[in-house]
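This report refers to the structure that appears directly beneath it.
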Amino acid sequence: NNKNNKFTNKMINSLQYLLRYLVKKYKIKQRNIIGHSDIAPTRKQDPGPKFPWHELEKFGLVFKVRENFNFDLMMIIFWFKKHKIKTKRDISIFILSYIGYNTLEIINKPNLTKKLITNYQSRYTQFNVTGKIDNITYDFLLKHFLSLILTKG
């Protein structure tokens, strides 16, 4: 209910310590460090849009999307359309599925799309949490997809 979404430096420092330990012990990849809302986007909201993911990115503990591609995003859109994934929504759902979000419920209940998009935005585009597949979110999703397929590991 957004009443307990304050994250103190002490909490984040403890989390960083725990993550470093777990990543080293279990050889976890950055792209696999996620929040509850990433695992169950239609049921969970935490940690929410105020969680300081940038602090974890700064220390290399979570996956950071590369935004400075010398790549024409229209080429990747063309590829999707050529493979019969034509709408912004369908492309976005495909990418979210590739990232690892559970999108199965969205297929049968399209009204849950807003929850899914809101949770993605709360993690990756915290400056733009609208619940809509707007141009900012769509471009970021495309860059996220490219970051994953063009990044080793």
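The values are calculated or read from the model by the stated rules, or taken from the named source; none is laboratory data. Just so it is clear, the structure is predicted and the values come from calculations on it, not from any experiment. Note that we place each Cβ from the backbone using ideal geometry, even for glycine, and neighbour counts take in every protein chain shown. Just so you know, the surface numbers come from the protein's heavy atoms only, side chains and all, with ligands and any DNA or RNA stripped out. Shrake-Rupley method; radii C 1.70, N 1.55, O 1.52, S 1.80 Å.
Descriptive notes on the structure:
- Solvent-accessible surface of segment 1-109, averaged per residue with a 1.4 angstrom probe and all protein chains in place: 73 square angstrom.
- Residue of Ser122, Ser97, Ser14 that the Gaussian network model of the chain assigns the largest fluctuation, springs spanning Cα pairs under 10 Å: Ser14
- Shape of segment 21-153, Cα gyration tensor, a/c cut at 1.5: oblate
- Subset of Lys50/Lys86; Lys50/Lys84; Lys58/Lys143; Lys44/Lys81; Lys10/Lys132 violating a 28 Å alpha-carbon distance limit: Lys50/Lys86; Lys50/Lys84; Lys44/Lys81; Lys10/Lys132
- Choice from Tyr26, Tyr17, Tyr124 with maximal GNM fluctuation in the chain (Cα, 10 Å cutoff): Tyr26
- In the chain, helices alone account for a calculated mean residue ellipticity at 222 nm of -16000 deg cm²/dmol, with every DSSP H run of four or more residues adding -39,500 (n - 2.57).
- On full extension, the segment bounded by Leu18 and Leu112 gains 30.6 nm, given 0.36 nm per residue less the C-alpha separation.
- Paramagnetic reach from Asn68 in segment 129-153 [backbone N under 14 Å; point 7 Å along Cα→Cβ]: none
- Charge dipole of segment 82-153 about the Cα centre (unit charges at C-beta), most positive-ward option of Ile85, Pro110, Ile136: Ile85
- Share of carbon and sulfur in the accessible heavy-atom surface of the chain [1.4 Å probe, %]: 56
- Computed over the chain: relative contact order in percent, which uses C-alpha pairs under 8 Å that are six or more apart: 27
- Using Cβ point charges alone (K and R +1, D and E -1), the dipole size of segment 17-153 about the Cα centre works out to roughly 360 debye.
- Taken along the Cα-to-beta-carbon direction at a fixed 7 Å, the label points for His36 and Thr130 span 2.8 nm.
- Extents of segment 79-140, taken as max minus min of Cα coordinates on every principal axis and listed largest first, are 32, 24, 19 Å.
- Across Gln126, Gln45, Gln30, mean-square fluctuation computed from a Gaussian network of the chain (C-alpha pairs under 10 Å connected) peaks at Gln30.
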